[in-house]
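A short worksheet on the structure shown next.
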Amino acid sequence: MSVELEIHDSQGLPTEEMTLNMGPQHPSTHGVLRFIVKADGEVMRRAIPDIGYLHRSIEKIAEKVGWHGFMPYTDRVDYVAAMACNQGWAMAAEQLAGIEVPRRGEYCRVIAAELSRICSHLLGVGAMGMDMGAITPFTHALRERDMIMDLLEELCGARLTFNYMRIGGVAWDLPHDFVEKVSHYLDHLEPVIEEFNQLLGYNRIYVKRFADVATVDADMAIAWGLVGPNLRGSGVDFDVRRDLPYSVYEDFDFDVPLGSGEMGSIGDCWDRYIVRMREMVESIRILRQALAGIPEGPVIAKVARNFKPPVGDVHVKIEAPRGEQSWYVSSDGSEYPHRVHIRTGSFTAMGIIDRLSRGLMIADLVAVIASMDIVAPEVDR
Amino acid sequence: MDSTGIHAALRGHFDTAVGELAPGPFEASIEVDASAIEAVCTFLRDEKGLEFDNLSNLSGADYPELERIQAVYSLFSYKQRHSITLRVNADRTAPVIPTVEAVWPAANWLEREIFDLLGVEFSGHCDLRRILLPEDWVGYPLRKDYEEQPDYHGISTVRENLLTMKRD
(Lines give C-alpha, C1' and ligand atoms only; values in the text may rest on other atoms or scores of the structure.)
Protein backbone atom coordinates (compact mmCIF):
# COMPACT_ATOMS: atom_id res chain seq x y z
CA MET A 1 0.00 0.00 0.00
CA SER A 2 1.46 3.39 -0.93
CA VAL A 3 1.54 5.99 1.78
CA GLU A 4 0.67 9.52 0.74
CA LEU A 5 2.90 12.25 2.03
CA GLU A 6 0.30 14.86 2.85
CA ILE A 7 -3.04 14.26 4.45
CA HIS A 8 -6.15 16.21 3.52
CA ASP A 9 -9.38 16.13 5.43
CA SER A 10 -12.81 15.96 3.74
CA GLN A 11 -12.74 19.68 2.94
CA GLY A 12 -9.32 19.37 1.31
CA LEU A 13 -7.53 21.15 4.14
CA PRO A 14 -4.08 19.79 5.00
CA THR A 15 -3.84 18.22 8.48
CA GLU A 16 -1.02 16.60 10.39
CA GLU A 17 -0.01 13.02 10.91
CA MET A 18 -0.46 11.97 14.51
CA THR A 19 2.20 10.06 16.41
CA LEU A 20 0.89 7.90 19.24
CA ASN A 21 2.80 5.90 21.78
CA MET A 22 1.45 2.49 22.78
CA GLY A 23 3.20 0.75 25.63
CA PRO A 24 5.55 -0.37 27.03
CA GLN A 25 3.05 -0.80 29.88
CA HIS A 26 -0.21 -1.59 28.16
CA PRO A 27 -2.58 -4.32 29.31
CA SER A 28 -3.02 -5.91 25.90
CA THR A 29 0.49 -5.97 24.52
CA HIS A 30 1.30 -9.38 26.04
CA GLY A 31 4.29 -8.39 28.06
CA VAL A 32 6.43 -5.32 27.89
CA LEU A 33 6.63 -4.06 24.34
CA ARG A 34 6.07 -0.74 22.71
CA PHE A 35 4.68 0.54 19.45
CA ILE A 36 5.10 3.94 17.91
CA VAL A 37 1.97 4.45 15.85
CA LYS A 38 1.82 6.96 13.01
CA ALA A 39 -1.85 7.56 12.47
CA ASP A 40 -4.06 9.46 10.07
CA GLY A 41 -7.14 9.81 12.25
CA GLU A 42 -8.22 6.29 13.12
CA VAL A 43 -6.15 4.67 10.38
CA MET A 44 -2.58 3.62 10.99
CA ARG A 45 0.07 4.48 8.48
CA ARG A 46 2.69 2.55 10.37
CA ALA A 47 3.07 0.83 13.71
CA ILE A 48 6.78 0.60 14.48
CA PRO A 49 7.61 -2.01 17.12
CA ASP A 50 10.21 -1.06 19.70
CA ILE A 51 11.40 -4.23 21.36
CA GLY A 52 14.12 -5.12 23.84
CA TYR A 53 12.45 -4.15 27.11
CA LEU A 54 12.66 -7.77 28.25
CA HIS A 55 16.12 -8.52 26.90
CA ARG A 56 17.90 -10.60 29.54
CA SER A 57 20.91 -11.58 27.39
CA ILE A 58 20.02 -15.25 27.70
CA GLU A 59 22.31 -16.13 24.78
CA LYS A 60 25.27 -14.49 26.50
CA ILE A 61 24.45 -16.24 29.77
CA ALA A 62 24.63 -19.57 27.91
CA GLU A 63 28.29 -18.89 27.14
CA LYS A 64 28.99 -18.46 30.86
CA VAL A 65 27.03 -21.17 32.67
CA GLY A 66 27.85 -24.32 30.75
CA TRP A 67 25.78 -26.98 29.04
CA HIS A 68 23.83 -28.43 31.97
CA GLY A 69 23.55 -25.12 33.77
CA PHE A 70 21.75 -23.42 30.90
CA MET A 71 18.64 -25.63 31.12
CA PRO A 72 16.77 -23.50 33.73
CA TYR A 73 17.47 -20.38 31.66
CA THR A 74 15.73 -21.88 28.63
CA ASP A 75 12.52 -21.87 30.70
CA ARG A 76 12.68 -18.09 30.68
CA VAL A 77 12.97 -17.78 26.90
CA ASP A 78 9.25 -18.43 26.53
CA TYR A 79 7.81 -18.86 29.99
CA VAL A 80 4.33 -19.60 28.62
CA ALA A 81 5.61 -22.78 26.99
CA ALA A 82 8.84 -23.57 28.80
CA MET A 83 8.83 -27.27 27.90
CA ALA A 84 9.41 -26.54 24.23
CA CYS A 85 12.48 -24.45 24.98
CA ASN A 86 13.79 -27.18 27.32
CA GLN A 87 13.41 -29.65 24.51
CA GLY A 88 15.12 -27.45 21.91
CA TRP A 89 18.18 -26.97 24.10
CA ALA A 90 18.37 -30.62 25.13
CA MET A 91 18.07 -31.77 21.52
CA ALA A 92 20.77 -29.38 20.32
CA ALA A 93 23.24 -30.60 22.96
CA GLU A 94 22.34 -34.24 22.31
CA GLN A 95 22.88 -33.89 18.58
CA LEU A 96 26.27 -32.28 19.12
CA ALA A 97 27.42 -35.06 21.42
CA GLY A 98 25.60 -37.90 19.65
CA ILE A 99 23.57 -38.93 22.69
CA GLU A 100 20.61 -41.23 22.21
CA VAL A 101 17.66 -40.58 24.50
CA PRO A 102 15.89 -43.71 25.85
CA ARG A 103 12.47 -44.23 24.28
CA ARG A 104 10.59 -43.81 27.53
CA GLY A 105 12.40 -40.51 27.98
CA GLU A 106 11.28 -39.36 24.53
CA TYR A 107 7.68 -40.33 25.34
CA CYS A 108 7.87 -38.37 28.59
CA ARG A 109 9.12 -35.39 26.61
CA VAL A 110 6.31 -35.61 24.08
CA ILE A 111 3.69 -35.90 26.83
CA ALA A 112 5.15 -32.90 28.67
CA ALA A 113 5.57 -30.85 25.48
CA GLU A 114 2.03 -31.50 24.22
CA LEU A 115 0.50 -30.69 27.61
CA SER A 116 2.54 -27.51 27.54
CA ARG A 117 1.29 -26.75 24.02
CA ILE A 118 -2.35 -27.03 25.09
CA CYS A 119 -1.52 -24.89 28.11
CA SER A 120 0.06 -22.21 25.93
CA HIS A 121 -2.69 -22.23 23.29
CA LEU A 122 -5.34 -21.91 26.02
CA LEU A 123 -3.67 -18.76 27.29
CA GLY A 124 -3.23 -17.55 23.72
CA VAL A 125 -6.86 -17.91 22.63
CA GLY A 126 -8.10 -16.70 26.00
CA ALA A 127 -6.02 -13.55 25.60
CA MET A 128 -7.34 -13.11 22.05
CA GLY A 129 -10.83 -12.95 23.50
CA MET A 130 -9.79 -10.62 26.28
CA ASP A 131 -8.07 -8.25 23.87
CA MET A 132 -11.29 -8.07 21.88
CA GLY A 133 -13.21 -7.20 25.03
CA ALA A 134 -14.51 -10.63 25.98
CA ILE A 135 -13.31 -11.17 29.54
CA THR A 136 -15.37 -14.27 30.42
CA PRO A 137 -13.77 -16.71 27.94
CA PHE A 138 -10.38 -15.75 29.34
CA THR A 139 -11.38 -16.97 32.77
CA HIS A 140 -12.67 -20.21 31.22
CA ALA A 141 -9.36 -20.71 29.43
CA LEU A 142 -7.39 -20.01 32.59
CA ARG A 143 -9.53 -22.50 34.52
CA GLU A 144 -8.59 -25.26 32.06
CA ARG A 145 -4.98 -24.13 31.96
CA ASP A 146 -4.76 -24.31 35.71
CA MET A 147 -5.65 -28.00 35.64
CA ILE A 148 -2.79 -28.68 33.22
CA MET A 149 -0.47 -26.74 35.47
CA ASP A 150 -1.55 -28.95 38.37
CA LEU A 151 -0.62 -31.98 36.27
CA LEU A 152 2.72 -30.50 35.28
CA GLU A 153 3.38 -29.60 38.89
CA GLU A 154 2.94 -33.26 39.80
CA LEU A 155 5.33 -34.13 37.00
CA CYS A 156 8.19 -31.77 37.80
CA GLY A 157 7.33 -29.65 40.82
CA ALA A 158 6.93 -26.35 39.00
CA ARG A 159 3.95 -24.65 37.42
CA LEU A 160 5.59 -22.30 34.95
CA THR A 161 9.36 -22.67 34.65
CA PHE A 162 9.63 -26.43 34.62
CA ASN A 163 13.32 -27.29 34.20
CA TYR A 164 12.02 -30.83 33.56
CA MET A 165 14.24 -31.98 30.73
CA ARG A 166 17.91 -32.80 30.92
CA ILE A 167 20.55 -33.39 28.30
CA GLY A 168 19.99 -37.10 27.62
CA GLY A 169 16.38 -37.39 28.72
CA VAL A 170 14.09 -36.07 31.44
CA ALA A 171 14.72 -35.46 35.12
CA TRP A 172 12.01 -37.69 36.56
CA ASP A 173 9.79 -40.51 35.41
CA LEU A 174 6.02 -40.00 35.33
CA PRO A 175 4.57 -39.97 38.85
CA HIS A 176 2.17 -42.58 40.19
CA ASP A 177 -1.25 -42.55 38.44
CA PHE A 178 -0.12 -39.79 36.06
CA VAL A 179 -1.29 -41.62 32.92
CA GLU A 180 -4.79 -42.08 34.38
CA LYS A 181 -4.97 -38.50 35.54
CA VAL A 182 -3.98 -37.10 32.15
CA SER A 183 -6.42 -39.41 30.32
CA HIS A 184 -9.17 -38.31 32.65
CA TYR A 185 -8.31 -34.67 32.04
CA LEU A 186 -8.26 -35.10 28.26
CA ASP A 187 -11.76 -36.61 28.37
CA HIS A 188 -12.84 -33.51 30.24
CA LEU A 189 -11.03 -31.06 27.94
CA GLU A 190 -12.33 -32.26 24.58
CA PRO A 191 -15.93 -31.03 24.99
CA VAL A 192 -14.65 -27.85 26.65
CA ILE A 193 -12.78 -26.89 23.47
CA GLU A 194 -16.00 -27.21 21.50
CA GLU A 195 -17.82 -25.18 24.14
CA PHE A 196 -15.11 -22.54 23.98
CA ASN A 197 -15.58 -22.25 20.23
CA GLN A 198 -19.32 -21.81 20.71
CA LEU A 199 -18.76 -19.20 23.38
CA LEU A 200 -16.01 -17.23 21.65
CA GLY A 201 -14.87 -18.49 18.26
CA TYR A 202 -18.22 -18.39 16.45
CA ASN A 203 -19.50 -15.43 18.42
CA ARG A 204 -20.77 -12.82 15.97
CA ILE A 205 -18.93 -9.88 17.50
CA TYR A 206 -15.71 -11.81 17.74
CA VAL A 207 -15.92 -12.95 14.12
CA LYS A 208 -16.59 -9.37 13.00
CA ARG A 209 -13.49 -8.18 14.85
CA PHE A 210 -11.23 -10.94 13.54
CA ALA A 211 -12.42 -11.94 10.06
CA ASP A 212 -10.74 -10.25 7.09
CA VAL A 213 -8.41 -8.31 9.39
CA ALA A 214 -4.65 -8.28 8.69
CA THR A 215 -4.70 -10.96 6.02
CA VAL A 216 -1.33 -12.59 5.33
CA ASP A 217 -1.20 -14.68 2.16
CA ALA A 218 0.96 -17.80 1.91
CA ASP A 219 3.85 -16.25 -0.06
CA MET A 220 4.07 -13.30 2.27
CA ALA A 221 4.01 -15.53 5.34
CA ILE A 222 6.90 -17.62 3.99
CA ALA A 223 9.00 -14.66 2.85
CA TRP A 224 8.62 -12.90 6.20
CA GLY A 225 9.47 -16.08 8.02
CA LEU A 226 6.22 -16.61 9.90
CA VAL A 227 6.15 -20.01 11.56
CA GLY A 228 3.83 -22.44 13.28
CA PRO A 229 0.14 -21.61 13.69
CA ASN A 230 0.64 -18.19 12.05
CA LEU A 231 2.05 -19.88 8.95
CA ARG A 232 -0.60 -22.58 8.89
CA GLY A 233 -3.28 -19.94 9.35
CA SER A 234 -2.15 -18.65 5.95
CA GLY A 235 -2.77 -22.09 4.48
CA VAL A 236 0.83 -23.36 4.27
CA ASP A 237 0.77 -27.07 5.00
CA PHE A 238 3.88 -27.44 7.16
CA ASP A 239 4.47 -28.73 10.65
CA VAL A 240 7.95 -29.59 11.91
CA ARG A 241 6.53 -32.49 13.91
CA ARG A 242 5.23 -34.13 10.75
CA ASP A 243 7.56 -32.91 8.00
CA LEU A 244 10.95 -32.92 9.74
CA PRO A 245 10.07 -35.36 12.52
CA TYR A 246 12.09 -35.29 15.73
CA SER A 247 11.78 -37.15 19.03
CA VAL A 248 9.13 -39.89 18.58
CA TYR A 249 6.54 -37.89 16.62
CA GLU A 250 6.78 -40.39 13.77
CA ASP A 251 4.95 -42.90 15.97
CA PHE A 252 1.80 -40.80 16.15
CA ASP A 253 -1.04 -40.22 13.79
CA PHE A 254 -2.28 -36.63 13.72
CA ASP A 255 -3.55 -34.01 11.28
CA VAL A 256 -2.19 -30.54 10.65
CA PRO A 257 -5.04 -28.00 10.73
CA LEU A 258 -4.87 -25.20 8.19
CA GLY A 259 -6.60 -21.87 7.80
CA SER A 260 -9.18 -21.99 5.03
CA GLY A 261 -10.85 -18.60 5.14
CA GLU A 262 -14.05 -19.93 6.71
CA MET A 263 -15.16 -16.55 8.05
CA GLY A 264 -13.33 -14.25 5.66
CA SER A 265 -10.19 -14.70 3.64
CA ILE A 266 -7.35 -17.18 4.10
CA GLY A 267 -4.75 -15.93 6.54
CA ASP A 268 -6.86 -13.45 8.49
CA CYS A 269 -6.86 -13.14 12.27
CA TRP A 270 -9.76 -15.57 12.66
CA ASP A 271 -7.89 -18.29 10.77
CA ARG A 272 -4.96 -17.90 13.12
CA TYR A 273 -7.39 -18.31 16.01
CA ILE A 274 -9.14 -21.42 14.73
CA VAL A 275 -5.87 -23.14 13.79
CA ARG A 276 -4.83 -22.94 17.44
CA MET A 277 -8.17 -24.35 18.63
CA ARG A 278 -7.91 -27.30 16.23
CA GLU A 279 -4.28 -27.86 17.14
CA MET A 280 -5.34 -28.45 20.71
CA VAL A 281 -7.62 -31.25 19.51
CA GLU A 282 -4.69 -32.78 17.61
CA SER A 283 -2.50 -32.48 20.70
CA ILE A 284 -5.15 -34.43 22.60
CA ARG A 285 -4.92 -37.14 19.92
CA ILE A 286 -1.11 -37.26 20.21
CA LEU A 287 -1.32 -37.37 24.00
CA ARG A 288 -3.78 -40.28 23.97
CA GLN A 289 -1.50 -42.27 21.66
CA ALA A 290 1.58 -41.42 23.71
CA LEU A 291 -0.10 -42.40 26.98
CA ALA A 292 -1.28 -45.69 25.49
CA GLY A 293 2.05 -46.56 23.89
CA ILE A 294 4.59 -45.44 26.46
CA PRO A 295 7.27 -48.14 26.78
CA GLU A 296 9.01 -49.26 29.96
CA GLY A 297 12.64 -48.50 30.61
CA PRO A 298 14.95 -45.72 31.76
CA VAL A 299 14.08 -42.06 31.13
CA ILE A 300 17.58 -40.62 30.90
CA ALA A 301 20.79 -41.67 29.22
CA LYS A 302 24.13 -41.60 31.00
CA VAL A 303 25.67 -38.18 30.40
CA ALA A 304 28.94 -37.02 31.91
CA ARG A 305 28.58 -34.30 34.50
CA ASN A 306 31.55 -32.62 32.86
CA PHE A 307 29.78 -32.55 29.51
CA LYS A 308 32.03 -31.52 26.59
CA PRO A 309 30.56 -32.08 23.13
CA PRO A 310 32.97 -32.21 20.16
CA VAL A 311 33.70 -29.16 18.02
CA GLY A 312 30.95 -28.31 15.56
CA ASP A 313 27.69 -26.47 15.20
CA VAL A 314 24.14 -27.61 14.74
CA HIS A 315 20.75 -26.26 13.74
CA VAL A 316 17.84 -27.83 15.55
CA LYS A 317 14.24 -27.10 14.65
CA ILE A 318 11.36 -27.94 16.92
CA GLU A 319 7.67 -27.13 16.77
CA ALA A 320 7.06 -24.92 19.78
CA PRO A 321 3.53 -23.60 20.46
CA ARG A 322 4.48 -20.30 18.86
CA GLY A 323 5.91 -22.04 15.85
CA GLU A 324 9.19 -23.41 14.67
CA GLN A 325 11.95 -22.60 17.10
CA SER A 326 15.34 -22.74 15.48
CA TRP A 327 18.36 -23.32 17.71
CA TYR A 328 21.83 -22.60 16.39
CA VAL A 329 24.33 -24.02 18.85
CA SER A 330 28.04 -24.05 18.27
CA SER A 331 30.58 -25.88 20.41
CA ASP A 332 34.33 -25.34 20.61
CA GLY A 333 34.87 -28.55 22.55
CA SER A 334 34.95 -26.90 25.95
CA GLU A 335 32.56 -27.14 28.88
CA TYR A 336 30.87 -23.91 27.79
CA PRO A 337 28.89 -23.43 24.57
CA HIS A 338 30.64 -21.20 22.05
CA ARG A 339 27.46 -19.61 20.73
CA VAL A 340 23.74 -20.16 21.23
CA HIS A 341 21.18 -18.43 19.05
CA ILE A 342 17.45 -18.97 19.33
CA ARG A 343 15.25 -17.80 16.48
CA THR A 344 11.81 -17.80 18.05
CA GLY A 345 8.38 -17.67 16.46
CA SER A 346 7.39 -14.40 18.12
CA PHE A 347 10.50 -12.62 16.81
CA THR A 348 9.56 -13.00 13.15
CA ALA A 349 5.89 -12.40 13.95
CA MET A 350 6.86 -9.04 15.47
CA GLY A 351 8.95 -8.30 12.40
CA ILE A 352 5.95 -8.44 10.08
CA ILE A 353 3.73 -6.12 12.16
CA ASP A 354 5.23 -2.91 10.75
CA ARG A 355 4.35 -4.10 7.24
CA LEU A 356 0.97 -5.51 8.24
CA SER A 357 -0.28 -2.51 10.18
CA ARG A 358 -0.27 -0.10 7.23
CA GLY A 359 -3.83 0.92 6.50
CA LEU A 360 -5.37 -0.87 9.48
CA MET A 361 -7.51 0.79 12.15
CA ILE A 362 -5.70 1.55 15.41
CA ALA A 363 -8.05 -0.77 17.31
CA ASP A 364 -7.06 -3.62 15.01
CA LEU A 365 -3.41 -3.45 16.08
CA VAL A 366 -4.40 -5.22 19.28
CA ALA A 367 -6.19 -7.87 17.20
CA VAL A 368 -3.03 -8.45 15.15
CA ILE A 369 -0.77 -8.81 18.20
CA ALA A 370 -3.28 -11.12 19.88
CA SER A 371 -3.87 -13.30 16.82
CA MET A 372 -0.12 -13.74 16.28
CA ASP A 373 0.07 -14.91 19.92
CA ILE A 374 3.15 -12.82 20.58
CA VAL A 375 4.89 -13.32 23.89
CA ALA A 376 7.30 -10.45 24.54
CA PRO A 377 10.03 -12.33 26.46
CA GLU A 378 10.32 -14.71 23.55
CA VAL A 379 10.92 -11.79 21.21
CA ASP A 380 13.62 -10.24 23.38
CA ARG A 381 15.23 -13.27 25.07
CA MET B 1 17.47 -31.87 -3.99
CA ASP B 2 20.35 -32.96 -1.77
CA SER B 3 23.19 -30.67 -0.77
CA THR B 4 25.54 -32.06 -3.45
CA GLY B 5 23.07 -31.08 -6.17
CA ILE B 6 22.53 -27.63 -4.69
CA HIS B 7 26.28 -27.10 -4.47
CA ALA B 8 26.81 -28.22 -8.08
CA ALA B 9 24.14 -25.77 -9.27
CA LEU B 10 25.81 -22.93 -7.34
CA ARG B 11 29.29 -23.86 -8.57
CA GLY B 12 28.06 -23.93 -12.15
CA HIS B 13 26.73 -20.41 -11.85
CA PHE B 14 29.16 -18.65 -9.52
CA ASP B 15 32.43 -20.55 -9.93
CA THR B 16 34.95 -19.69 -7.17
CA ALA B 17 32.79 -17.22 -5.24
CA VAL B 18 31.22 -20.34 -3.78
CA GLY B 19 33.50 -22.53 -1.67
CA GLU B 20 33.67 -26.29 -1.35
CA LEU B 21 30.82 -28.26 0.12
CA ALA B 22 31.80 -28.90 3.72
CA PRO B 23 30.08 -32.10 4.87
CA GLY B 24 30.23 -31.14 8.56
CA PRO B 25 29.34 -33.52 11.35
CA PHE B 26 25.63 -32.64 11.17
CA GLU B 27 24.62 -30.86 8.01
CA ALA B 28 26.45 -29.85 4.87
CA SER B 29 27.33 -26.20 4.51
CA ILE B 30 28.74 -24.00 1.77
CA GLU B 31 31.09 -21.11 2.31
CA VAL B 32 30.21 -18.06 0.21
CA ASP B 33 32.24 -14.90 -0.44
CA ALA B 34 30.72 -11.91 1.31
CA SER B 35 30.62 -9.92 -1.95
CA ALA B 36 28.55 -12.64 -3.67
CA ILE B 37 26.04 -13.39 -0.93
CA GLU B 38 23.17 -11.34 -2.31
CA ALA B 39 23.55 -12.76 -5.84
CA VAL B 40 23.83 -16.29 -4.46
CA CYS B 41 20.70 -15.87 -2.36
CA THR B 42 18.73 -14.37 -5.25
CA PHE B 43 19.82 -17.29 -7.42
CA LEU B 44 18.86 -19.83 -4.76
CA ARG B 45 15.45 -18.23 -4.40
CA ASP B 46 14.61 -17.86 -8.10
CA GLU B 47 16.23 -20.86 -9.80
CA LYS B 48 13.74 -23.53 -10.75
CA GLY B 49 14.27 -26.68 -8.72
CA LEU B 50 16.00 -24.83 -5.86
CA GLU B 51 13.31 -22.30 -4.85
CA PHE B 52 14.58 -21.40 -1.37
CA ASP B 53 11.66 -19.20 -0.41
CA ASN B 54 12.47 -18.94 3.30
CA LEU B 55 15.36 -17.67 5.39
CA SER B 56 14.76 -19.85 8.38
CA ASN B 57 17.55 -18.55 10.61
CA LEU B 58 20.45 -16.15 10.45
CA SER B 59 23.00 -16.50 13.22
CA GLY B 60 26.45 -15.18 13.79
CA ALA B 61 29.43 -16.29 15.83
CA ASP B 62 32.70 -14.66 16.80
CA TYR B 63 36.01 -16.48 16.23
CA PRO B 64 38.75 -14.18 17.59
CA GLU B 65 41.56 -16.71 17.05
CA LEU B 66 40.64 -16.92 13.34
CA GLU B 67 40.25 -13.13 13.13
CA ARG B 68 36.73 -13.41 11.79
CA ILE B 69 33.05 -13.22 12.47
CA GLN B 70 30.94 -15.79 10.72
CA ALA B 71 27.33 -15.34 9.65
CA VAL B 72 25.40 -18.57 9.21
CA TYR B 73 22.37 -18.54 6.91
CA SER B 74 19.97 -21.41 7.27
CA LEU B 75 17.72 -21.63 4.22
CA PHE B 76 14.65 -23.74 3.69
CA SER B 77 12.36 -24.31 0.74
CA TYR B 78 8.71 -24.93 1.49
CA LYS B 79 8.10 -25.84 -2.15
CA GLN B 80 10.93 -28.37 -2.49
CA ARG B 81 11.27 -29.31 1.20
CA HIS B 82 15.05 -29.14 1.23
CA SER B 83 17.50 -27.03 3.20
CA ILE B 84 21.06 -25.74 3.00
CA THR B 85 23.40 -23.78 5.24
CA LEU B 86 25.53 -20.92 3.91
CA ARG B 87 28.50 -19.47 5.79
CA VAL B 88 29.92 -16.02 5.20
CA ASN B 89 33.14 -14.93 6.87
CA ALA B 90 33.81 -11.30 7.60
CA ASP B 91 36.98 -9.62 8.78
CA ARG B 92 36.77 -9.16 12.54
CA THR B 93 38.19 -5.64 12.67
CA ALA B 94 35.55 -4.20 10.33
CA PRO B 95 32.94 -6.82 9.47
CA VAL B 96 30.79 -5.87 6.48
CA ILE B 97 28.36 -8.19 4.70
CA PRO B 98 25.86 -7.07 2.03
CA THR B 99 22.25 -7.35 3.14
CA VAL B 100 19.88 -9.99 1.80
CA GLU B 101 16.84 -8.03 2.92
CA ALA B 102 15.72 -7.60 -0.70
CA VAL B 103 15.68 -11.38 -1.15
CA TRP B 104 13.77 -12.30 2.00
CA PRO B 105 12.18 -9.52 4.07
CA ALA B 106 12.62 -11.71 7.17
CA ALA B 107 16.32 -10.82 6.98
CA ASN B 108 15.56 -7.26 8.06
CA TRP B 109 15.20 -8.04 11.76
CA LEU B 110 17.58 -10.99 11.82
CA GLU B 111 20.37 -8.80 10.39
CA ARG B 112 19.58 -6.03 12.84
CA GLU B 113 19.95 -8.52 15.68
CA ILE B 114 23.41 -9.59 14.51
CA PHE B 115 24.41 -5.96 14.04
CA ASP B 116 23.24 -5.25 17.56
CA LEU B 117 24.96 -8.14 19.31
CA LEU B 118 28.01 -8.83 17.11
CA GLY B 119 28.58 -5.56 15.31
CA VAL B 120 28.40 -6.84 11.75
CA GLU B 121 27.46 -4.04 9.36
CA PHE B 122 25.01 -5.19 6.73
CA SER B 123 25.66 -2.80 3.87
CA GLY B 124 22.58 -1.61 2.02
CA HIS B 125 20.23 -2.40 4.91
CA CYS B 126 17.36 0.10 5.01
CA ASP B 127 17.13 0.46 8.79
CA LEU B 128 20.29 -0.78 10.50
CA ARG B 129 19.70 0.22 14.12
CA ARG B 130 20.16 -1.61 17.39
CA ILE B 131 17.13 -3.78 18.04
CA LEU B 132 17.40 -5.44 21.47
CA LEU B 133 19.80 -3.10 23.27
CA PRO B 134 19.34 0.64 23.80
CA GLU B 135 20.52 2.90 20.99
CA ASP B 136 23.35 4.36 23.09
CA TRP B 137 24.75 1.05 24.33
CA VAL B 138 28.52 0.74 23.94
CA GLY B 139 30.06 -2.38 22.43
CA TYR B 140 28.80 -5.64 20.98
CA PRO B 141 28.05 -8.10 23.84
CA LEU B 142 28.34 -11.38 21.95
CA ARG B 143 31.90 -10.69 20.86
CA LYS B 144 34.31 -12.80 22.87
CA ASP B 145 36.39 -9.79 23.96
CA TYR B 146 33.40 -7.69 25.03
CA GLU B 147 33.87 -5.70 28.18
CA GLU B 148 30.81 -4.29 29.88
CA GLN B 149 30.83 -0.58 30.69
CA PRO B 150 31.09 0.05 34.45
CA ASP B 151 27.83 1.99 34.38
CA TYR B 152 24.98 2.91 32.10
CA HIS B 153 23.47 6.40 32.60
CA GLY B 154 24.86 6.47 36.14
CA ILE B 155 23.43 3.05 37.00
CA SER B 156 26.20 0.74 38.12
CA THR B 157 26.43 -2.57 36.28
CA VAL B 158 28.53 -4.14 39.03
CA ARG B 159 27.18 -5.41 42.31
CA GLU B 160 29.22 -6.41 45.28
CA ASN B 161 28.82 -9.99 46.39
CA LEU B 162 26.82 -9.83 49.60
CA LEU B 163 28.30 -13.09 50.85
CA THR B 164 31.88 -11.88 50.72
CA MET B 165 31.26 -8.28 51.79
CA LYS B 166 32.79 -7.22 55.09
CA ARG B 167 30.50 -5.83 57.77
CA ASP B 168 31.40 -2.54 59.38
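The values are calculated or read from the model by the stated rules, or taken from the named source; none is laboratory data. Just so you know, these numbers come straight off a predicted model, no measurement behind them. A quick note on method: Cβ atoms are made from the backbone with ideal geometry, for glycine too, and the neighbour counts reach across all protein chains shown. The protein model used for the area step is the full one, side chains on, heavy atoms only, and it has no ligands, DNA or RNA in it. Shrake-Rupley method; radii C 1.70, N 1.55, O 1.52, S 1.80 Å.
Listed by chain and number, the aspartates and glutamates whose C-alpha is less than 15 Å from the C-alpha of A:LYS38, apart from same-chain residues fewer than 8 away, are A:GLU4, A:GLU6, A:GLU16, A:GLU17, A:ASP50, A:ASP354, A:ASP364.
Within the same chain, lysines fewer than 8 places from A:LYS317 are excluded, and of the rest, those with a Cα less than 25 Å from its Cα are A:LYS60, A:LYS64, A:LYS302, A:LYS308, B:LYS79. Give the residues of the stretch A:25-57 whose amide nitrogen is closer than 14 Å to a point set 7 Å from the Cα of B:TYR152 in the direction of its Cβ. Residues A:51-57 qualify, since their backbone N sits under 14 Å from the label point. This model, with +1 at the C-beta of Lys and Arg and -1 at the C-beta of Asp and Glu, gives the stretch B:3-156 a dipole about its Cα centre of some 560 debye. For B:GLY60, nonlocal amide neighbours, meaning residues 5 or more places apart or on other chains whose placed amide H falls under 5 Å from its own, are B:VAL72. Taking other residues whose beta carbon is less than 15 angstrom from the beta carbon of A:ASP150, and scoring Lys, Arg as +1 and Asp, Glu as -1, yields -2. For the stretch B:3-156, pairs of C-alpha atoms spaced more than 18 angstrom apart make up 59 percent of the total. Residues in chain A average 37 Å² of solvent-accessible surface per residue, probe 1.4 Å, ligands and nucleic acids excluded. Given +1 at the Cβ of Lys and Arg, -1 at the Cβ of Asp and Glu and no other charges, the dipole of the stretch A:58-345 around its Cα centre is 760 debye to the nearest 20. 3J(HN,Hα) couplings calculated from phi for the stretch B:158-164 with the Karplus curve 6.51 cos²θ - 1.76 cosθ + 1.60 (θ = phi - 60°) are, in sequence order, 10, 10, 6, 6, 4, 6, 9 Hz; Gly and Pro show x. At 1.306 mPa s and 10 °C, plugging the Kirkwood radius over alpha-carbon pairs of chain A into Stokes-Einstein gives what diffusion coefficient in µm²/s? Estimated diffusion coefficient is 74 µm²/s. For B:GLN70, neighbours were defined as the other residues whose beta-carbon sits under 12 Å from its Cβ, and their charges (Lys and Arg +1, Asp and Glu -1) total -1. Between chains B and A, what is the buried accessible area summed over both chains (1.4 Å probe, protein heavy atoms, nearest 100 Å²)? Approximately 3200 Å², summed over both chains.
Relative contact order for chain B: 16 percent, from Cα pairs under 8 Å spaced at least 6 residues apart, divided by residue count. Sites listed here are chymotrypsin sites (Phe, Trp or Tyr not before Pro) in the stretch A:114-199 whose DSSP assignment is loop and whose Cβ has at most 16 other Cβ atoms within 10 Å: A:TRP172.
Across peptide B:99-110, the average count of Cβ atoms from other chains found within 10 Å of a residue's Cβ is 4. For the stretch A:77-192, relative contact order (Cα pairs under 8 Å, six or more residues apart, normalised by length) works out to 34 percent. Taking other residues whose beta carbon is less than 11 angstrom from the beta carbon of A:TYR73, and scoring Lys, Arg as +1 and Asp, Glu as -1, yields +3. Rg over Rh for the stretch A:6-98 works out to 1.27, using Cα positions for both radii and the Kirkwood form for Rh.
Loop-only check: which GluC sites (Glu not before Pro) in the stretch A:281-381 are DSSP coil with at most 16 other Cβ within 10 angstrom?
Working: sites: A:GLU282, A:GLU296, A:GLU319, A:GLU324, A:GLU335, A:GLU378; in loops: A:GLU296, A:GLU335.
Qualifying residues, ordered by number: A:GLU296, A:GLU335.
Note: relative contact order over chain A, using C-alpha pairs below 8 Å and six or more positions apart, is 26 percent.
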